[in-house]
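Data block below; observations after.
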There are 2 protein chains.
Amino acid sequence: MKDANLYNLFLVYNIVLMKRNIVIILAAIFASCNQHVIDNQPVNQKDYTQWVNPFIGTGNMGHTFPGAVVPFGMVQLSPETSNMPMFSEKGEYNKEVYRYCAGYQYGDSALYGFSHTHFSGTGHSDLGDFRLMPIVGEVQLAPGNPGDLASGYVGKLDKRSETASPGYYKVRIADSDIHAELTATERVGVHKYIFPEKGEANLIFDLMSNIYHHKNKNVWTFVRVENDTLVTGYRQTKGWARTRKVYFAMAFSKPIQSYGHKVFDEVVYNGFYRRFDEEHNFPEMAGKNLRAWFRFDNAENQELLVKFALSGVSSSGALANMKAEVPQWNFAHVHEQARAKWNKELGKVDVKMPTKADQETFYTALYHSFLSPVVFEDVDGNYRGLDQEVHQSEGFTNYTLFSLWDTFRALHPLFNLLQPERNNNMVKSMLANYRQSVHPMLPIWSHYANENWCMIGYHSVPVIVDAIVKGTTDVDLAEALEACVTTSQIPYFDGLDQYMKLGYVPSDATSSSVSKTLEFAYDDWCIAELAENTGNKSLAEEYNKRAQSYLRVYDEQRGFMRPKDAAGNWREPFDPMNTHGQGFIEGNAWTYSLFVPHQVEELIELTGGNKAFVARLDSLFTMTISDEDIAHNEDITRDGIIGNYVHGNEPGHHIPYLYNWAGAPRKTQERLRMIMDTMYGNEIEGLCGNDDAGQMSAWYIFSALGFYPVAPGSPMYALGSPKVEQARMQLPNGKILDIEAQDQSPENIYVGRVELNGVAIEDHQISHEQLLAGGKLVFYMTN
Amino acid sequence: MKDANLYNLFLVYNIVLMKRNIVIILAAIFASCNQHVIDNQPVNQKDYTQWVNPFIGTGNMGHTFPGAVVPFGMVQLSPETSNMPMFSEKGEYNKEVYRYCAGYQYGDSALYGFSHTHFSGTGHSDLGDFRLMPIVGEVQLAPGNPGDLASGYVGKLDKRSETASPGYYKVRIADSDIHAELTATERVGVHKYIFPEKGEANLIFDLMSNIYHHKNKNVWTFVRVENDTLVTGYRQTKGWARTRKVYFAMAFSKPIQSYGHKVFDEVVYNGFYRRFDEEHNFPEMAGKNLRAWFRFDNAENQELLVKFALSGVSSSGALANMKAEVPQWNFAHVHEQARAKWNKELGKVDVKMPTKADQETFYTALYHSFLSPVVFEDVDGNYRGLDQEVHQSEGFTNYTLFSLWDTFRALHPLFNLLQPERNNNMVKSMLANYRQSVHPMLPIWSHYANENWCMIGYHSVPVIVDAIVKGTTDVDLAEALEACVTTSQIPYFDGLDQYMKLGYVPSDATSSSVSKTLEFAYDDWCIAELAENTGNKSLAEEYNKRAQSYLRVYDEQRGFMRPKDAAGNWREPFDPMNTHGQGFIEGNAWTYSLFVPHQVEELIELTGGNKAFVARLDSLFTMTISDEDIAHNEDITRDGIIGNYVHGNEPGHHIPYLYNWAGAPRKTQERLRMIMDTMYGNEIEGLCGNDDAGQMSAWYIFSALGFYPVAPGSPMYALGSPKVEQARMQLPNGKILDIEAQDQSPENIYVGRVELNGVAIEDHQISHEQLLAGGKLVFYMTN
């Protein structure tokens, strides 16, 4: 809280000076100082990046990366510590690859180079484009094995030298004594390599490497050495994104001395014939799998800078991005810019946490919340659409990387408070996706102009409706409604035809039928809200009916949501502890039976009233889950669970808040503090599961501030138990909301009362409108 | 000569009527009639297409195709009679595939469908994009074997029903009783299928099929069923063109009833997981190898029309091409337009040949001369460049398919007379290629935004210089000179570094060293001419020196051009009959020793004067070549040779004219008539070898008219012995040149004298300027 101190100091100083009758001058100073605190612009000298540790989550299964990135930047330039293929030679899936969703594990000491695109925290993976590895001595094109430095270009990280901060990464490569630094802009990665004085300076450009690599992943690679300091090209891959093209332009700070490449294809036919040596100093390269190398004069100057620009559109687009964003050869300047960008974004919530560890947990969570979706257009507004055509973004900025099943819950609602303009652009990007979709549909889980169909529901809907309800978007409501309705009626999507016919997704028609029914129902409620909003009563009625579909999969006798076949028979056998093959996904019947975020009161009544509901929640948090049931769940480990509550997976994220509705807010408060204290931390293993593109982190930000959007699409936030001592939020309307947790302490986890601008809040919820009024929200903490 | 008769008739009628004193009216009629003959616009009712037989060259090794195409159109919609792969399962090259360079052999009865891109007459192949095959009954996605109709979708041609004319192809498929008709515009193929009344109407869309197919040829395929009458997408292939993308838009005249596809990839990984049936009625398809099918209601209406548009840029580009070129569903109209386009082009030379067979030979040769290069840009001027980026053609129309080693000789010179505007666009396309090339270089052999590096020399140079010398291009001379000079100095290209150092290409540095030296020398002479033209004396001097490089590979002792190593030693052993491994390509030392087209007089002197030279030529035409030597030559058969003169390959095309320079023009005349009579004809096997993108045909057109450009880049044409009786040419300047061969007969093969507008030509050459003056060129034929 340096800034607050500074502010206080000025106040005191002001009063003293006033006595000396130089009121006018000081009023001006004060005004400027005051504004400076309020706007939290870069002029604010407070360095929030000091509390961000990009290594948090890079151990265990957090799936974060430590590399250089700016907020929502397309370039995430980060080290790769594995070259692990997704399948063994025999075609068996290699489970170990899951650890490398973001390309990096803190415990590793191998270094395979630095690549330019990564997911943060996802539970499946792709990307890892354009890996550069500096080496000395002879050119090695084989990556090599982690334990055997002689086997390829693989190097060894000097772990003691490794540092990372927002927009910056630095390491010494122990075996070659090369010092590497990385920084970035939105579309350009900047590398700085200092080679040792002795030895050849080479750069390996591995265009075969991929995250989740498999032998058919590379589709095509095209490279041109335009001149002795510029290389351009593109790569197309077939991975999680099926038809993905990324273009690049790479510039060097000093001329290439010599270069070459090798195509590692199973060459059956290579055109008519090749008469001249194309592997050395020949400026055109193409193939499915290729690696290139560049050699630089190292005698006079050991520093090599590389600018590496990306584009989804074209090589010339990438080059224009480079020229616009990094016109000069000034690594320090780009780094400073990156840090300033982060300070601007992180400063949108100025918090005081009980400990430095908490402070780091908070700001690293905020950092992780601001990594994606990423800007996906060139500086001229051209971008590649879902139809693989090039479009111009008119009236918006195009974003990609929508992990919507995760992020509709807390991340996009967080953006509605802290990144309203960006969220508006994201909503518009989703509508552009809809217009370009052949179905047409809003995105499900999309990245890089591809729908990867991961997970269930149509959760673009709550993101769009939440933005509309909260007034942060200026999209055309009729178009938004059409897009939501059309998406919800695509018959071949995930059992929707049956859902529309029967009122539920039958278990014999498709997998995860109950989860789908419940999530469709919630999304449909959002559509009803939007229809209501636009005055379309009959549509609102239709979707309000669909929103009650959860009733159809509730087995009153067993007291659980339960799979039912098309004939109406409950699925047998039925074990509510088991997810596997039981009509659920990433959560068992215990968890999913609580997923009616839009009608919690009705759910409580349905399941036997408040007492029974509280008992059910208590059981969830205290029961014992067997190892077998864990194994049958996707994507969780013991670290991320409390009883049968799985914080590592999203379907339960709203659950601790549900006690509120059943008259037991203290239990909400208790559970929240427990989750915040046990599932988050500032250690390398500080994330209890995949960060899921920021959803896990966004959950923390909300909960630490004391409220949470249980049902996005509604303007209400459930109140919890803040972890902060104080927080100052810049609201979308320019106002300030100060949050204070009076008597905050590890023991005082309960909230005695809540006051907004001096008026007690009697409900267990607070509305977006109330927050937007700004002022002071005080939680009176007790034990 | 209908038109000439009509003209005479009017003259007579005119005189008669004049006597009746209605002079004014008839003068007007005469004037209009006269103009109509002169302009030869579509208003001219003469149907030149009657003398075109697209089947000529589809037997034997002509490598022509019979399908529907308009002059220089990108779409060549033609039947495929083979599904032969380029390599056996064991990876052995399948020599038989060579017969299918254009996808079709007249003798076949199998039909695999109709694809949209073909080369005409090339000696290597690629393309064959987007094969459509109509079938009845059950969907078959396997192509099947030629002899076994049950094995796949392969059908049987009813040969009696097969007809083809410019812009039109028709056949009945015997086994299914489907009647198929094809026509085309520049960018759109139009199919008309009449299905039998009984049975299901299906269309197989084989996106795996390729000409010169191999298992790694398909790189990626992307298909969208936009709605029930429109499908879009693209395919990328790796063949002769390494990075080739073709986009399409396909529209149907009636709605798709159901559809599906199958991906035949060795699927190792298909994204995260697929939850719903993507193989049936799912509108997004993608993969390396896929085939789709579409089913149509056949009960009420058995006709199905398909518009199939291409683009090198994008699917939306293809769709715009379709909308612009074929806005309506009117097959007959498109066909009529295509025929009119052909009549306009073919009518540019109105000839009377001795026989109908000759007439057919001539006009089919003219037809084959006007098939490529092809327009390669969208209707909006966007095109894909060599850099794989999308460019806008400003101030020109972009063309592709430059088989320059072949076509610099006679085809482009023919264009300078008959297609000056198109040739200007081709020259500009070559310069655009230069600007987009990373080397940068003018095209060598390029197609579809790729350099395939086939054959030797840099023969864009003579094409550009010929156009400049003949005044048919308005390119910037400085840019043209820069492009030519730069291209001729790329050190890694084909031994150019050594050529520049030593004055010849050494045999130990690269293959075909003598052929390269000789062709570089000729190209360099063209550059010298251009330098002279722009007033750059020192450059002219430098390149005139390079133009004499042929002297360095002439072995005076043996009397042949002979391979020499870098140390200056003649290669041993040396057999002037043998091409193989002897420093030559597509011609042995006998042929190549005569390749100094720019300094024939100096060559004659070098090789011992006129008498020795004539004797040498006589030997060439009369000696016996062994089967072994034929086998060692590329690309020739006994059909295309006379003695050791190989008309089927290009290096000798100027040779029969060389007698002229040694004072033996009668021998030129004799040989030419012999070649025209034995190497050309109106039969299916009427071409003695590959038509080579029109070069063989263009040779015939020139020779039949009585003159030939021995050294393009020079304004001179060597005089020969015309085969025509009369010809009327529309010249680039709008004037008319009438050619007459008086006393033309099979015996009168010698030219007694030649008169231009009544003045005898004493030289054995005639200049472009002389031709441009128009008027009457009379050959007085004798025996």
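The values are calculated or read from the model by the stated rules, or taken from the named source; none is laboratory data. Note that the coordinates shown come from a computational prediction; the quantities given were computed from them, not determined experimentally. All Cβ positions, glycine included, derive from the backbone under ideal geometry; neighbour counts span all protein chains shown. Side chains included, ligands, DNA and RNA excluded: accessible areas come from the protein's heavy atoms. Shrake-Rupley method; radii C 1.70, N 1.55, O 1.52, S 1.80 Å.
Data for the structure
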| quantity | calculated |
| --- | --- |
| Among (1) within 22 Å of B:Phe362 (Cβ to Cβ); (2) within 14 Å of chain A (Cβ to nearest Cβ), the one test that B:Ile444 misses | (1) |
| Any chance B:Ala150 is crowded, with 24+ Cβ neighbours inside 10 Å and more than 26 Å from B:Glu325 (Cα to Cα) | no |
| Selection status of A:Gly59, crowded, with 18+ Cβ neighbours inside 10 Å, modelled with pLDDT under 95, within 26 Å of the chain's Cα centre (by Cα) and of a type outside the set (D, E, K, R) | yes |
| Residue match in the stretch B:386-404 (condition: at positive phi, within 15 Å of the chain's Cα centre (by Cα) and buried (at least 20 other Cβ atoms within 10 Å of the Cβ)) | yes |
| Extreme residue, surrounded by the most Cβ atoms within 10 Å (Cβ to Cβ), among residues of the stretch A:480-517 that are charged (D, E, K, R) and within 14 Å of chain B (Cβ to nearest Cβ) | A:Lys516 |
| Selection from the stretch A:656-696 of residues that are hydroxyl-bearing (Ser, Thr, Tyr) and out of contact with any strand residue (DSSP E or B) (no Cβ under 8 Å at 6 or more places or on another chain) | A:Tyr659 |
| Residue pairs meeting the criteria (Cβ under 6 Å; at least 6 apart or on separate chains; first farther than 16 Å from A:Thr472 by Cβ, in the stretch A:757-773; second at pLDDT 95 or above and open to solvent by 70 Å² or more (accessible area, probe 1.4 Å)) | A:Asn757/A:Lys776; A:Ala760/A:Arg753 |
| Residue satisfying all of: in the stretch B:581-632; in contact with a strand residue (DSSP E or B) (Cβ under 6 Å, 6 or more places away or on another chain) and more than 26 Å from B:Asp524 (Cα to Cα); surrounded by the most Cβ atoms within 10 Å (Cβ to Cβ) among these | B:Leu620 |
| Among the residues listed as B:Leu777, B:Leu719, B:Leu737, B:Leu756, the single one being of a type outside the set (Phe, Trp, Tyr), open to solvent by 10 Å² or more (accessible area, probe 1.4 Å) and farther than 29 Å from B:Gly648 by Cβ | B:Leu756 |
| Filtered residues of the stretch B:514-544 (kept if among the β-branched types (Val, Ile, Thr) and in contact with a Leu (Cβ under 6 Å, 6 or more places away or on another chain)) | B:Thr534 |
| Tabulated pairs, the stretch B:590-612, first touching a residue at least 24 places away in the same chain (Cβ under 8 Å) and under 11 Å from B:Val710 (Cα atoms), second not hydrophobic (A, V, I, L, M, F, W, C) and not in a loop (DSSP other than H, G, I, E, B), C-beta under 6 angstrom, 6+ apart or interchain | B:Phe595/B:Pro651; B:Val596/B:Tyr550; B:Pro597/B:Tyr522; B:His598/B:Tyr522 |
| Residues of the stretch B:549-588 that turn out to be closer than 14 Å to B:Asn644 by Cβ and at pLDDT 95 or above, as a count | 1 |
| Qualifying positions in the stretch A:768-783 - outside any helix (DSSP H, G or I) and out of contact with any Ser or Thr (no Cβ under 9 Å at 6 or more places or on another chain) | A:Ala773, A:Gly774, A:Gly775, A:Lys776, A:Leu777, A:Val778, A:Tyr780, A:Thr782 |
| Residue within the stretch B:247-265 that is farther than 20 Å from B:Met74 by Cα, outside any helix (DSSP H, G or I) and facing chain A (nearest Cβ under 9 Å) present | yes |
| Conditions (1) within 30 Å of A:Arg235 (Cβ to Cβ); (2) within 11 Å of chain A (Cβ to nearest Cβ): number failed by B:Arg187 | (2) |
| The stretch A:658-674, residues that are among the aromatic types (Phe, Trp, Tyr) and open to solvent by 10 Å² or more (accessible area, probe 1.4 Å) | A:Trp661 |
| In the stretch B:343-388, the residues that are of a type in the set (Val, Ile, Thr) and in contact (Cβ under 8 Å) with a residue 40 or more places away in the chain | B:Val349, B:Val351, B:Thr361, B:Thr364, B:Val374, B:Val375, B:Val379 |
| Odd one out for A:Arg187, checked against (1) in contact with a helix residue (DSSP H, G or I) (Cβ under 7 Å, 6 or more places away or on another chain); (2) modelled with pLDDT under 95 | (2) |
| Filtered residues of the stretch A:310-342 (kept if among the aromatic types (Phe, Trp, Tyr) and either farther than 17 Å from A:Tyr169 by Cβ or surrounded by fewer than 19 Cβ atoms within 10 Å (Cβ to Cβ) (or both)) | A:Trp329 |
| Of the criteria (1) open to solvent by 10 Å² or more (accessible area, probe 1.4 Å); (2) away from chain A (no Cβ under 14 Å); (3) over 30 Å from the mean Cα position of the chain (by Cα), which one B:Leu477 fails | (3) |
| Among the residues listed as A:Arg99, A:Arg131, the single one being in contact with a Ser or Thr (Cβ under 6 Å, 6 or more places away or on another chain) and not polar (S, T, N, Q) | A:Arg131 |
| Among the candidates B:Phe296, B:Phe308, B:Phe331, B:Phe282, residue that is modelled with pLDDT of 95 or more and in contact with a Pro (Cβ under 8 Å, 6 or more places away or on another chain) | B:Phe296 |
| Qualifying residue in the stretch B:412-429 (condition: touching a helix residue (DSSP H, G or I) at 6+ places or on another chain (Cβ under 7 Å), more than 21 Å from B:Phe248 (Cα to Cα), basic (Lys, Arg) and open to solvent by 10 Å² or more (accessible area, probe 1.4 Å)) | yes |
| Residue identified as surrounded by fewer than 24 Cβ atoms within 10 Å (Cβ to Cβ) and touching a residue at least 40 places away in the same chain (Cβ under 8 Å) among B:Tyr458, B:Tyr434 | B:Tyr434 |
| The lone exception for B:Thr243 - which of (1) touching a Lys or Arg at 6+ places or on another chain (Cβ under 6 Å); (2) within 14 Å of another protein chain (Cβ to nearest Cβ) it fails | (1) |
| B:Phe702, sole failed condition from (1) in contact with a Phe, Trp or Tyr (Cβ under 6 Å, 6 or more places away or on another chain); (2) farther than 19 Å from B:Phe408 by Cα | (2) |
| Qualifying position, being part of a helix (DSSP H, G or I) and on the phi < 0 side of the Ramachandran plot, among B:Arg728, B:Arg671, B:Arg753 | B:Arg671 |
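Yes/no matrix, rows are residues, columns are (1) more than 9 Å from every other protein chain (Cβ to nearest Cβ); (2) hydrophobic (A, V, I, L, M, F, W, C); (3) in a loop (DSSP other than H, G, I, E, B):
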| site | (1), (2), (3) |
| --- | --- |
| B:Lys198 | yes, no, yes |
| B:Ile211 | yes, yes, yes |
| B:Val223 | yes, yes, no |
| B:Gly233 | no, no, no |
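Every residue, every condition in (1) of a type in the set (Ser, Thr, Tyr); (2) within 24 Å of the chain's Cα centre (by Cα), yes or no:
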residue: B:Ile630; (1), (2): no, no
residue: B:Ile655; (1), (2): no, yes
residue: B:Thr668; (1), (2): yes, no
residue: B:Gly681; (1), (2): no, yes
residue: B:Leu687; (1), (2): no, yes
residue: B:Ala698; (1), (2): no, yes
residue: B:Ala718; (1), (2): no, yes
residue: B:Ser721; (1), (2): yes, no
